[in-house]
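Undergrad: Pasting a structure below so you can have a look.
The values are calculated or read from the model by the stated rules, or taken from the named source; none is laboratory data. Computed from a predicted structure; not experimentally measured. Note that each Cβ is placed from the backbone with ideal geometry, even for glycine, and that neighbours are counted across all protein chains shown.
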Amino acid sequence: MHHIYCPYCEEIREEEEYSYTGEAHIERPKDPQAISDDAWADYIFFRTNPRGIHHEMWYHAAGCRRYFNATRDTQSYEIHETYKMGELPTFIAPTKSAPTKSAQTSASQRGDAS
């Protein structure tokens, strides 16, 4: 069983009290009437689903009944942080534009230019 820290209750509670509600930080289109059907479908149906670090939205159903965000590793299930809605994460996943140190070392060993 996993234990999750609620940033509103300021308590660590059992996972059964929470519901996963999807990817965090998804911005709704400003003018939905003006975007194409393909862009609307992308907003509604497609999420990143990465392997590794992922920012997620959770709901504390059996506690304060508030939504909050969590940064979780989808491979190990480790939760690195939880934070209130409207706040930004402090734990950021590496991106292609900002590779990790080990990725840079591997690239230089292969002779890749970056």
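Undergrad: If you take the residues of region 1-29 that are in contact with a strand residue (DSSP E or B) (Cβ under 7 Å, 6 or more places away or on another chain) and of a type in the set (Val, Ile, Thr), which of them is surrounded by the fewest Cβ atoms within 10 Å (Cβ to Cβ)?
TA: In this case the residue turns out to be Ile12.
Undergrad: Right, something else. Phe68 is checked against (1) at pLDDT below 95; (2) within 10 Å of Ala24 (Cβ to Cβ) and fails just one. What number does that condition carry?
TA: Among (1) at pLDDT below 95; (2) within 10 Å of Ala24 (Cβ to Cβ), Phe68 violates only (1).
Undergrad: Could you figure out which of (1) surrounded by 15 or more Cβ atoms within 10 Å (Cβ to Cβ); (2) modelled with pLDDT under 50 isn't true of Lys101?
TA: Failed condition: (1).
Undergrad: Looking at region 4-29 only, could you name the residues that are modelled with pLDDT of 95 or more and either of a type in the set (D, E, K, R) or part of a loop (DSSP other than H, G, I, E, B) (or both)?
TA: Pro7, Tyr8, Cys9, Glu10, Glu11, Arg13, Glu14, Glu15, Glu16, Glu17
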